[in-house]
Every structure is written in C-alpha cells, then in structure tokens.
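Everything on this sheet refers to the single structure shown next.
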Amino acid sequence: ADLFDGIVMAEQRFHGEGYQEGLAEGSQAGMAEGRRFGAVHGARAGSEIGCYLGFALTWHCLLQKCTDEKN
C-alpha cells in the first residue's frame, strides 16, 4: 500500500514543490523589478523637485535684492 501511495500522491507532491519554487523565484524577480522601477521613477521625481527648488530659490534671491515695489 505504501508503494502505491507514493505513486498516487506524486502529482500532488510535485505540484506543491513546483508552487513553492515558483513562488520563491517570482518573489525575487518581483523585488528586483520593483527596485529598478523605484530607482527610475524616484530619480525623475527628484530631478523635477530639484528644478522647482532651483526656480523658487532664484526668484526668492532676485526678489530679495529688489527694493522697488514695481520690480
């Protein structure tokens, strides 16, 4: 009976092992893809924020030096 149980349950065992291996591999691939995505989009956001900061600091500096209300 034990010999037949191993044969009958092999499909279920292989399915479970395949699932665990696929889950581990997919998790690693997902983490790597997520890091790449975050780095690219984080750099874009940082660049845009830096541009706005430079623009604001420049105008702040220019407006501080002007004493004329019209300027």
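The values are calculated or read from the model by the stated rules, or taken from the named source; none is laboratory data. Everything quoted here is computed from the prediction, not taken from an experiment. Ideal geometry is used to build each Cβ from the backbone, glycine not excepted, and the neighbour counts take in all protein chains shown. Just so you know, the surface numbers come from the protein's heavy atoms only, side chains and all, with ligands and any DNA or RNA stripped out. Shrake-Rupley method; radii C 1.70, N 1.55, O 1.52, S 1.80 Å.
Values as computed for the structure displayed
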item: Number of positions in region 36-52 that are open to solvent by less than 100 Å² (accessible area, probe 1.4 Å) and either among the aliphatic types (A, V, I, L, M) or in contact with a Leu (Cβ under 9 Å, 6 or more places away or on another chain) (or both); result: 4
item: Inter-residue pairs, beta-carbon under 9 Å, first in contact (Cβ under 8 Å) with a residue 12 or more places away in the chain and in region 15-34, second in a helix (DSSP H, G or I), 6+ apart; result: none
item: Count - residues of region 1-53 that are within 28 Å of the chain's Cα centre (by Cα) and hydrophobic (A, V, I, L, M, F, W, C); result: 13
